[in-house]
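Structure, as structure tokens:
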Amino acid sequence: EAQVTQNPRYLITVTGKKLTVTCSQNMNHEYMSWYRQDPGLGLRQIYYSMNVEVTDKGDVPEGYKVSRKEKRNFPLILESPSPNQTSLYFCASSSRFGWTDTQYFGPGTRLTVL
Amino acid sequence: QKEVEQNSGPLSVPEGAIASLNCTYSDRGSQSFFWYRQYSGKSPELIMSIYSNGDKEDGRFTAQLNKASQYVSLLIRDSQPSDSATYLCAASLDEKLTFGTGTRLTIIP
């Protein structure tokens, strides 16, 4: 089954404790992206990757890191989480980024930083 | 200024009627436009995409794009209770996708 998976689905942590949210897709997609969703602010892009070893900042990259060492994986790293990073996070992928390509979203990771 | 704007709603429509959702965007360079549906607690799923001025129809859904007015809309005909969800408008520019805050739609049986 074609899918985007994220782990963990739910995470409660404390300020400053480094964490990683994994994202994996099995569709051989080139483009992957991370979003956060907050009430009243909608979905905002954090980072995206056009292909292996190619990443770029989205609209809200502060406090986050990403890496793309393999085509299928695109982990999101919070080196020192803060309460303002409490949010619902979505990973998405598409075969490439273009006019006709559908982005497939993962199930989401609900993160709470205390 | 928000790059993609939507009326947050909630928008209530009787079952069987036409639901009309609207979206405006600020960057004239935006290349393509998408409508996603998101049920509560779920991830967004693409329902329509449109790249050229005019209408695009897919079943009960019609997307309309007017680049001169920087306006995108989604019409849902014969609305069903299962259409109750939040609808997200998105615009792409280069490799970035920008979403509106979404319109919450409720179909009243």
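Key figures
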{"read-out": "Check on A:Leu114, hydrophobic (A, V, I, L, M, F, W, C), open to solvent by 10 Å² or more (accessible area, probe 1.4 Å) and over 14 Å from the mean Cα position of the chain (by Cα)", "value": "yes"}
{"read-out": "Within the stretch B:53-67, tally of residues that are open to solvent by 80 Å² or more (accessible area, probe 1.4 Å) and either within 14 Å of chain A (Cβ to nearest Cβ) or part of a loop (DSSP other than H, G, I, E, B) (or both)", "value": "2"}
{"read-out": "Test for A:Val60: is it surrounded by 14 or more Cβ atoms within 10 Å (Cβ to Cβ), of a type outside the set (Ser, Thr, Tyr) and not in a strand (DSSP E or B)", "value": "yes"}
{"read-out": "Tally of residues being open to solvent by less than 40 Å² (accessible area, probe 1.4 Å) and over 22 Å from A:Thr112 (Cα atoms) across the stretch A:38-57", "value": "2"}
{"read-out": "Check on B:Ser43, within 11 Å of chain A (Cβ to nearest Cβ), in contact with a Phe, Trp or Tyr (Cβ under 7 Å, 6 or more places away or on another chain) and either within 25 Å of A:Gly40 (Cα to Cα) or among the charged types (D, E, K, R) (or both)", "value": "yes"}
{"read-out": "Candidate set: the stretch B:68-109, residues that are within 11 Å of another protein chain (Cβ to nearest Cβ) and at positive phi; chosen: the one modelled with the lowest pLDDT", "value": "B:Asp94"}
{"read-out": "Total residues in the stretch A:1-37, condition in a loop (DSSP other than H, G, I, E, B) and either open to solvent by less than 30 Å² (accessible area, probe 1.4 Å) or more than 18 Å from A:Lys71 (Cα to Cα) (or both)", "value": "8"}
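The values are calculated or read from the model by the stated rules, or taken from the named source; none is laboratory data. Just so we're clear, the structure is a prediction, and the values are computed from it rather than from any experiment. Glycine also receives a Cβ, built like all others from the backbone with ideal geometry; neighbour counts cover every protein chain displayed. For accessibility, only protein heavy atoms count, side chains too; no ligands or nucleic acids. Shrake-Rupley method; radii C 1.70, N 1.55, O 1.52, S 1.80 Å.
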